[in-house]
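Q: Next up is a structure, given as structure tokens.
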Amino acid sequence: MHPMAVILLWIFIALLVAGGLMGFLKAKSKASLIASMGSAIPLALVALGRLPGTVAVGVLIVLQAVFFMRLRKTGKFMPSGMLLGVSVLMEAVMIYFVFIAKR
């Protein structure tokens, strides 16, 4: 995978894990921690080259659905709206590097 895609993926993984930790620490939400780690692990395996980039595309689609549902339910931009926006951008990056700019 393209080095820029890998760097951006690691940044997204860090944001995802940080969000899960924040949810756990502030609201004692074990679900946030488990979901963030459950999403971060396959993304990390993609970044490490152990899984194909298409896995990241799939994980990002699932995350977008979850963040969209949470945004609709709460009506609050933070954190679900922000994470939805970031995941849409990351999806565009991954689609570009996985399907369009193959190396």
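Q: Quick one: how many residues across region 44-71 are surrounded by fewer than 19 Cβ atoms within 10 Å (Cβ to Cβ), in contact with a Pro (Cβ under 9 Å, 6 or more places away or on another chain) and either under 17 Å from Leu8 (Cα atoms) or of a type outside the set (Lys, Arg) (or both)?
A: Here the count works out to 3.
Residues checked against (1) in contact (Cβ under 8 Å) with a residue 60 or more places away in the chain; (2) more than 16 Å from Glu91 (Cβ to Cβ); (3) not hydrophobic (A, V, I, L, M, F, W, C):
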| site | (1), (2), (3) |
| --- | --- |
| Leu15 | yes, no, no |
| Lys28 | no, yes, yes |
| Pro42 | no, no, yes |
| Leu51 | no, yes, no |
| Val66 | no, no, no |
| Met69 | no, yes, no |
| Thr74 | no, yes, yes |
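Q: Quick one: which of Gly49, Gly85 is assigned to a loop (DSSP other than H, G, I, E, B) and not β-branched (Val, Ile, Thr)?
A: Every option except Gly49 fails the conditions.
Q: So Thr74 fits all but one of (1) touching a Ser or Thr at 6+ places or on another chain (Cβ under 8 Å); (2) buried (at least 16 other Cβ atoms within 10 Å of the Cβ); (3) of a type in the set (Ser, Thr, Tyr); what number is the exception?
A: Answer for Thr74: the failing condition is (2).
Q: Let me ask another. Can you tell me which residue within region 1-43, out of those that are in contact with a Phe, Trp or Tyr (Cβ under 8 Å, 6 or more places away or on another chain) and closer than 21 Å to Gly85 by Cα, is surrounded by the fewest Cβ atoms within 10 Å (Cβ to Cβ)?
A: Result: Met4.
Q: Taking the stated definitions as given, is Ala14 at pLDDT 95 or above and of a type in the set (Gly, Ala, Ser)?
A: Yes: the conditions hold for Ala14.
Q: Among the residues of region 30-38, is any within 22 Å of Ile7 (Cβ to Cβ) and at pLDDT 90 or above?
A: Yes: one or more hits.
The values are calculated or read from the model by the stated rules, or taken from the named source; none is laboratory data. A quick note: this is a predicted structure, and the numbers were derived from the prediction, not measured. All Cβ positions, glycine included, derive from the backbone under ideal geometry; neighbour counts span all protein chains shown.
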